[in-house]
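Report on one structure; see the data block that follows.
The values are calculated or read from the model by the stated rules, or taken from the named source; none is laboratory data. Note that the structure is a prediction, hence the values are computed from the model and not measured. FYI the Cβ positions are ideal-geometry reconstructions off the backbone, even for glycines, and counts take in every protein chain you see.
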Amino acid sequence: MSAAVSKSKIAIVTGGSRGLGRSTVLSLAERGVGSIFTYNSNLAEAEKVSALAAQSEVKAVAVQLNTGHISAFDGFVKRAREILRDFGAERFDYLVNNAGTSNHASIDKMTEAELDDLYNVHFKGVFFLTQKLLPLINDGGRIVNISRRRGQGQSRNEQAGFGNDRARPRRRAGRDRPGDRLAAFRG
């Protein structure tokens, strides 16, 4: 490996084969950042992302991982170490926890197993994968956790409100959000 490759920044992006994760991998590639990214089930889409990143002369390596299966994380970390060596590195710089799933069942219809699946991907998976990868992140590295709103079809009162449909602070008449006050305080 050339010195240029070993000095390049490297990211690990979960859910990097579609949507916002795909855009993240490709945007990083345009900036010269190589990626190890995960996909759950669509290898063909993951391979397209790798090929598009290669057009920026940057390596993006796809690895299958269901982020709801915490028992698979040790194997993923082992594979990530191998890929990092291929990059000429021992550590990476950015962790982007983006993988997600959604369930559009209403509260009265969602099963315990469905809720567990959402919880495993969106909370436990993020927490424990981050924990497993902490020893590999460079000093001064960054961790970004992404959440987004999906499933606009039902009202908030009808949906279980978990997963990609996480609750967000909402402005009410005459009230502001705590973040608004903090932003005003900072100037």
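Note on the range 4-21: residues that are charged (D, E, K, R) and either in contact with a His (Cβ under 8 Å, 6 or more places away or on another chain) or not in a helix (DSSP H, G or I) (or both) amount to 2.
Where helices (runs of 4 or more DSSP H) fall wholly inside the range 22-137, no range has 3 or more residues that are surrounded by 15 or more Cβ atoms within 10 Å (Cβ to Cβ) and among the hydroxyl-bearing types (Ser, Thr, Tyr).
Among the residues making up the range 56-84, those that are in contact with a helix residue (DSSP H, G or I) (Cβ under 8 Å, 6 or more places away or on another chain), without any contact (Cβ under 8 Å) to a residue 60 or more places away in the chain and more than 26 Å from PHE123 (Cβ to Cβ) are SER56, VAL58, LYS59, ALA60, VAL61.
Do we find that LEU52 is among the hydrophobic types (A, V, I, L, M, F, W, C) and within 13 Å of the chain's Cα centre (by Cα) in this structure? In short, no.
With respect to ARG166, is the statement that it is among the charged types (D, E, K, R) and modelled with pLDDT under 95 true? Considered against the rule, which asks whether it is among the charged types (D, E, K, R) and modelled with pLDDT under 95, ARG166 comes out as yes.
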